[in-house]
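Asks: A single structure is presented below for examination.
What follows is calculated from the coordinates using simple rules that are stated; it is not laboratory data. Keep in mind it's a predicted model, so treat the numbers as computed, not measured. Methodologically, a virtual Cβ is constructed for each residue, glycine included, from the backbone with ideal geometry; neighbour enumeration extends over all protein chains shown.
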Amino acid sequence: MKKQFLSAIAISAILVAGGCYYDVEEDLYPEVNCTTENQSYANDIVPILQTNCYVCHGQGIGLGNVTLEGYNNLKVYADNGKLVGVISHDSRFPAMPQGAAKLSACNISKITQWVTDGAPNN
């Protein structure tokens, strides 16, 4: 009985440890060229958000009472530092996207540069 119990615990520990692995996208698929100059809200930022954020923070969803879809909604989080804080996994903010891999370094750089440039609606 004790042997079965220890075996069950060992198997459970192996399964739990194996389930705590995340692939880092940029390690698997390195960026060839990352351009952060002249970032456009419509052409550069929105596609990143659509892919990584809108499933939880789109119009009509707004988990955590946060809606990022639409320029005026996003601008609030760009201006108060929360947007860059959460995607860069700054310890003062909850890491986003929650339960998923961190955005690529290129996408973080694009969003950070767009915010640094004043988060224009372009």
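Asks: Tally the residues that are surrounded by 12 or more Cβ atoms within 10 Å (Cβ to Cβ) and part of a helix (DSSP H, G or I), restricting the search to the stretch 48-99.
Replies: Looking only at that region, the number is 23.
Asks: Right, next: What pairs come out if I take residues in the stretch 93-110 that are within 17 Å of residue 66 (Cα to Cα) and pair them with residues that are among the hydrophobic types (A, V, I, L, M, F, W, C) and in a loop (DSSP other than H, G, I, E, B) whose C-beta lies under 7 Å away, six or more apart or interchain?
Replies: Listed pairs, sorted by first residue: 97/53.
Asks: Any chance you could count how many residues in the stretch 38-47 are surrounded by fewer than 18 Cβ atoms within 10 Å (Cβ to Cβ), in contact (Cβ under 8 Å) with a residue 24 or more places away in the chain and in a helix (DSSP H, G or I)?
Replies: 2
Asks: Of (1) in contact (Cβ under 8 Å) with a residue 12 or more places away in the chain; (2) within 14 Å of residue 115 (Cα to Cα), residue 72 satisfies all except one. Which?
Replies: Among (1) in contact (Cβ under 8 Å) with a residue 12 or more places away in the chain; (2) within 14 Å of residue 115 (Cα to Cα), residue 72 violates only (1).
Asks: Search the stretch 100-121 for residues being assigned to a loop (DSSP other than H, G, I, E, B), out of contact with any His (no Cβ under 8 Å at 6 or more places or on another chain) and not aliphatic (A, V, I, L, M), and hand back the single one that is surrounded by the most Cβ atoms within 10 Å (Cβ to Cβ).
Replies: 104
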